[in-house]
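Trainee: Quick one: structure below, then a few questions.
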Amino acid sequence: MFGIPGNPPVSLTPAAAGQISKLMEKDNSMGLRIGIKKGGCAGMEYTMEYVSEIDKNDEIVEVEGARVMIAPMAQMFLFGTEIDYEVGLLEAGFKFRNPNVVDACGCGESIKFDDALAVDKP
C-alpha cells in the first residue's frame, strides 16, 4: 500500500466505523471491500461490497470492530481518504473525503483523479 508507516491508508470516522460494524453483523461478513471502477459523469466511481473472504492483496483497515479492505487497484487512489457515514433529512450514506480527487460530478456520485494516477495511461 502507498502510505506512511504507522498511519492507516484510510481513516474511518466513528459514525462510519459504527455503520460498517452493523453491516458486518447483519450480513455476517468479514467486512466491506472498497474499490473504484470506471463510470459516471466524472469518469470513476467508488465501489463497496460485502466480503466473505479477505484477498491476500487487500489492504486491511480495522477500527473499533469495523473492517475495510481496500482492493489492490484502488490503493493508490484512496490513500489519505476519510470515510464518514452521514444521516440527513432525505438520505443516509457513506461519504468519501479524498484528497486525491481533482473533480467530481454535480451529484457527487462520480469523481476524477489527477491524470498522473490514471490506470490506463498510454
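The values are calculated or read from the model by the stated rules, or taken from the named source; none is laboratory data. Computed from a predicted structure; not experimentally measured. Cβ atoms come from the backbone with ideal geometry, glycine included; neighbour counts cover every protein chain shown.
Trainee: Would you please name the residue that is nearest to the chain's Cα centre (by Cα), looking only at residues in region 48-107 that are among the hydroxyl-bearing types (Ser, Thr, Tyr) and closer than 17 Å to Ser29 by Cα?
Mentor: By that ranking, first place goes to Tyr50.
Trainee: Taking region 47-57 on its own, how many of its residues are touching a helix residue (DSSP H, G or I) at 6+ places or on another chain (Cβ under 7 Å) and surrounded by 14 or more Cβ atoms within 10 Å (Cβ to Cβ)?
Mentor: 1
Trainee: Mind checking which residues of region 24-46 are at pLDDT 90 or above, surrounded by fewer than 17 Cβ atoms within 10 Å (Cβ to Cβ) and either in contact with a strand residue (DSSP E or B) (Cβ under 7 Å, 6 or more places away or on another chain) or within 20 Å of Asp103 (Cβ to Cβ) (or both)?
Mentor: Once the filter is applied, which keeps residues that are at pLDDT 90 or above, surrounded by fewer than 17 Cβ atoms within 10 Å (Cβ to Cβ) and either in contact with a strand residue (DSSP E or B) (Cβ under 7 Å, 6 or more places away or on another chain) or within 20 Å of Asp103 (Cβ to Cβ) (or both), region 24-46 yields only Met30.
Trainee: Now a separate question. Among (1) surrounded by 14 or more Cβ atoms within 10 Å (Cβ to Cβ); (2) of a type outside the set (D, E, K, R); (3) modelled with pLDDT of 85 or more, there is one condition Pro99 misses while meeting the rest; what is its number?
Mentor: (1)
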